[in-house]
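Peer 1: Just passing along the structure, written as structure tokens.
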Amino acid sequence: MSTPSIDPEKTKSSRDPLGRGWTTLGDVGYLDKDNFLYLTDRKAFMIISGGVNIYPQESENILINHPKVVDVAVFGVPNEEFGEEVKAVVQPAVMPKNNQESKDLEAELKAFCRASLADLKCPRSIDFRSELPRHPTGKLYKRLLKDEYWKNSGRAI
């Protein structure tokens with residue numbers, strides 16, 4: 001029988017250091033005033049830009065509500081000055097036909113995001129794709145997109 005490979009360091013880092021029996025899974029969330037737990041993102045997806053923690057789910061939640069957006073992925077890409085910057089890849093309802101239409105839609109989506117979120121949480125740039133990579137179950141393969149932007153950076157995330 002074959003088993004998945006196990007990373008001892010990741011396993012160790014997920015365990016409660018005080019031995020109380022709990023394990024972390026990398027989820028980020030909050031408790032409301034009634035102690036209901038809301039999971040909002042994954043720690044692994046966090047973007048660190050200039051020392052500020054940015055959770056891409058915030059931008060994704062805004063952009064997906066724009067009428068011209070069908071699907072969206074937000075993640076960090078290399079930035080020499082700040083370490084990472086916010087990048088969005090959008091599947092628009094109608095693909096831009098030329099460079100000017102792409103620029104116009106990008107500006108419209110950036111303004112839409114900035115109307116609801118702090119500037120640093122909004123994408124610095126937006127690329128358009130006719131389809132985003134998804135698993136047959138519907139899960140977005142964000143890592144495939146992210147790897148495209150990091151492969152020639154000379155550093156790892």
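Peer 1: Filter the stretch 112-156 for residues that are basic (Lys, Arg) and more than 17 Å from Gly76 (Cα to Cα); which is surrounded by the fewest Cβ atoms within 10 Å (Cβ to Cβ)?
Peer 2: The residue in question is Lys139.
Peer 1: Take the residues of the stretch 111-136 that are touching a helix residue (DSSP H, G or I) at 6+ places or on another chain (Cβ under 8 Å) and part of a strand (DSSP E or B): which is farthest from Val94 (Cα to Cα)? Walk me through it before giving the result.
Peer 2: To start, the set of residues in the stretch 111-136 that are touching a helix residue (DSSP H, G or I) at 6+ places or on another chain (Cβ under 8 Å) comprises 112-113, 116-117, 121-123, 125-126, 128, 132-133.
Still in the list and also part of a strand (DSSP E or B): 125-126, 128.
Details: Ser125: 19, Ile126: 15, Phe128: 10 Å.
Selected residue: Ser125.
Peer 1: Take the residues in the stretch 17-46 that are at pLDDT 80 or above and of a type in the set (Asp, Glu); name whichever of them is farthest from Lys121 (Cα to Cα).
Peer 2: Asp34
Peer 1: Restricting attention to the stretch 86-110, and to residues there that are in a strand (DSSP E or B) and touching a residue at least 40 places away in the same chain (Cβ under 8 Å), which single residue is nearest to Glu58 (Cα to Cα)?
Peer 2: Within the stretch 86-110, the match that is nearest to Glu58 (Cα to Cα) is Lys87.
Peer 1: Considering only residues that are β-branched (Val, Ile, Thr) and modelled with pLDDT of 95 or more, look in the stretch 47-76 and name the one that is nearest to Lys151 (Cα to Cα).
Peer 2: The extreme case among them is Val74.
Peer 1: Kindly check whether there is at least one residue in the stretch 87-100 that is among the β-branched types (Val, Ile, Thr), modelled with pLDDT of 95 or more and surrounded by fewer than 17 Cβ atoms within 10 Å (Cβ to Cβ). If you could, list the steps in order and put the result at the bottom.
Peer 2: Start the filter on the stretch 87-100 by keeping residues that are among the β-branched types (Val, Ile, Thr), which leaves 89-90, 94.
Within this subset, residues satisfying the condition of being modelled with pLDDT of 95 or more are 89-90, 94.
Subset that is surrounded by fewer than 17 Cβ atoms within 10 Å (Cβ to Cβ): 94.
Yes, that holds for at least one residue.
Peer 1: Please give the strands (runs of 3 or more DSSP E) falling wholly within the stretch 41-84 in which 2 or more residues are surrounded by 19 or more Cβ atoms within 10 Å (Cβ to Cβ) and out of contact with any Asp or Glu (no Cβ under 7 Å at 6 or more places or on another chain). Don't jump to the end; show me each part of the working.
Peer 2: Numbers: elements: 47-49, 52-54, 69-79.
Of the strands (runs of 3 or more DSSP E) lying wholly inside the stretch 41-84, those with at least 2 residues that are surrounded by 19 or more Cβ atoms within 10 Å (Cβ to Cβ) and out of contact with any Asp or Glu (no Cβ under 7 Å at 6 or more places or on another chain) span 69-79.
Peer 1: Here are the criteria: (1) within 13 Å of the chain's Cα centre (by Cα); (2) modelled with pLDDT under 95. Tell me which single one Asn152 does not satisfy.
Peer 2: It is condition (1) that Asn152 fails.
Peer 1: Next question. For the stretch 111-147, which residues satisfy the criterion of being touching a residue at least 60 places away in the same chain (Cβ under 8 Å), of a type in the set (A, V, I, L, M, F, W, C) and in contact with a Ser or Thr (Cβ under 9 Å, 6 or more places away or on another chain)?
Peer 2: Of everything in the stretch 111-147, those that are touching a residue at least 60 places away in the same chain (Cβ under 8 Å), of a type in the set (A, V, I, L, M, F, W, C) and in contact with a Ser or Thr (Cβ under 9 Å, 6 or more places away or on another chain) turn out to be Leu120, Cys122.
The values are calculated or read from the model by the stated rules, or taken from the named source; none is laboratory data. Just so we're clear, the structure is a prediction, and the values are computed from it rather than from any experiment. Here Cβ is always computed from backbone atoms with ideal geometry, including for glycine, and neighbour counts include all displayed protein chains.
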